[in-house]
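Enquirer: One structure follows; several queries about it will come next.
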Amino acid sequence: MRKIIVGTRRSELALTQSKQFIQKIKDRFPEIDIEIKEIVTKGDKIVNVQLSKVGGKGLFVKEIEQALFDKEIDMAIHSLKDVPSELPEGLILGCIPDREDPRDAFISKNHVKLADLPAGSVIGTSSLRRGAQLLNLYPELKIEWIRGNIDTRLNKLRHEHYDAIILAAAGLKRMGWSDDTVTEYLDHETMLPAIGQGALGIECREDDSEVRDILRAVHNEDVERCTQTERQFLKLMDGSCQVPIAGHAVIDGENIQFKGLIMSPDGKEKYVAEITGTDPVEIGMTAAEKMNENGAHSIIAALNEEGSR
């Protein structure tokens, strides 16, 4: 068997989760020689501008996908929430492995809980989704933009004017951060996760049967069904980086339970769809249809038009 070259972003979190996934492969196929190739993406280079301002779709994957096309790498390990809902022709998601905690983690100075923050407290987040949901529940709070890796954001919380920040629980847990760091994990009624949050997407060339066979051995079908539902909803809602959009699916026996959310950035308009079924594509389609019937598409059209100016 040939050496397998794995492409990933250069960040500490990306490298850590890539090594953890590679270990799953080696546990099944100890004879395989695997090498990591670090790739710097456009999203990694843009550190002083909010990503939604520069077109967030594919900012963390395009250079890695090009390396797949150029056969510099054999598979790419992505955080699934960074992967656009439509892939370039010739590439597929060959594996969706076990999912880490999909919730958002709230971290504040002196461990003050979200509900107890005084009016005017400053929350640092670069996510329109998080900001909109916070403002919907707590309009007296202030949302301010923040970027950087986990260490950078935690340092900014400690030394700058932020009273709290919100990070994905999955990243913290994969990095081995103690729960002592987290003030509270936000339930889905407070903060519905991003599409695909907590999951990895392992991308490969569609015609590479050898790599596809390897990936199939560490694939989680239940997680695939859930994330396929979420990503179908994202695709049909045309959820660009300008739109606060969230969605999460769970397996309940034979069924998939899905909840989707569209909001205005100021949190004042909110549209929710909750659908249960067995077919991921059909659930995503039904949720999108329900959203559009209720008027959510007007928010999306306005925000996409504004973002294109």
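The values are calculated or read from the model by the stated rules, or taken from the named source; none is laboratory data. None of these values were measured; they are calculated from a predicted model. Note that we place each Cβ from the backbone using ideal geometry, even for glycine, and neighbour counts take in every protein chain shown. Remember, those area values only see protein heavy atoms, side chains included, never the ligands or the DNA or RNA. Shrake-Rupley method; radii C 1.70, N 1.55, O 1.52, S 1.80 Å.
Enquirer: Send over a whole-number figure in Å² for the accessible area per residue of the chain, probe 1.4 Å.
Expert: That works out to 46 Å² per residue.
Enquirer: Let me ask you something else. Which listed residue (G247, S264, I300) has the Cα farthest towards the positive end of the charge dipole for the stretch 234-308, taking +1 on Lys and Arg C-beta and -1 on Asp and Glu C-beta about the Cα centre?
Expert: Result: S264.
Enquirer: On a full-extension model of 0.36 nm per residue, what is the gain between K26 and R10, subtracting their alpha-carbon distance, rounded to one decimal in nm?
Expert: Extra length available between K26 and R10 comes to 3.6 nm.
Enquirer: Of all the C-alpha pairs in the chain, what % are more than 28 Å from each other?
Expert: Roughly 39 percent, once rounded to a whole number.
Enquirer: Take every Cα-Cα distance within the stretch 234-308, group them into 10 Å bins from 0 onward, and report for each bin the whole-number percent of pairs it holds.
Expert: 21, 51, 23, 5, 0
Enquirer: If you split all Cα-Cα distances of the stretch 116-271 into 5 Å bins from zero, what percentages do you get per bin, shortest first?
Expert: Over the stretch 116-271, the share of Cα pairs per 5 Å bin runs 1, 8, 15, 17, 19, 16, 12, 7, 4, 2, 1, 0 percent.
Enquirer: Binned at 5 Å from 0, what are the whole-percent values of the Cα-Cα distance distribution for the stretch 104-185, short to long?
Expert: The distribution over the stretch 104-185 is 3, 16, 29, 29, 17, 6, 1, given as percents.
Enquirer: Right, here's the next one. How big is the equivalent ellipsoid of the stretch 77-124 along its three axes, where each semi-axis is √(5λ) from the Cα gyration tensor, reported in whole Å from largest to smallest?
Expert: Gyration-tensor ellipsoid for the stretch 77-124: 37, 13, 7 Å.
Enquirer: Return the subset of K81/K156; K81/K109; K62/K235 for which the Cα-Cα distance in this structure is over 22 Å, preserving the input order.
Expert: Result: K81/K156; K81/K109 exceed 22 Å.
Enquirer: Please report how far the C-alpha centroid of the stretch 173-198 lies from that of the stretch 72-127, rounded to the nearest whole angstrom.
Expert: Result: 9 Å between the Cα centres.
Enquirer: Here's a follow-up. Only bridges whose two residues both fall in the chain count here: according to DSSP, what percent of them are antiparallel, nearest 5?
Expert: If we restrict to bridges inside the chain, about 70 percent are antiparallel.
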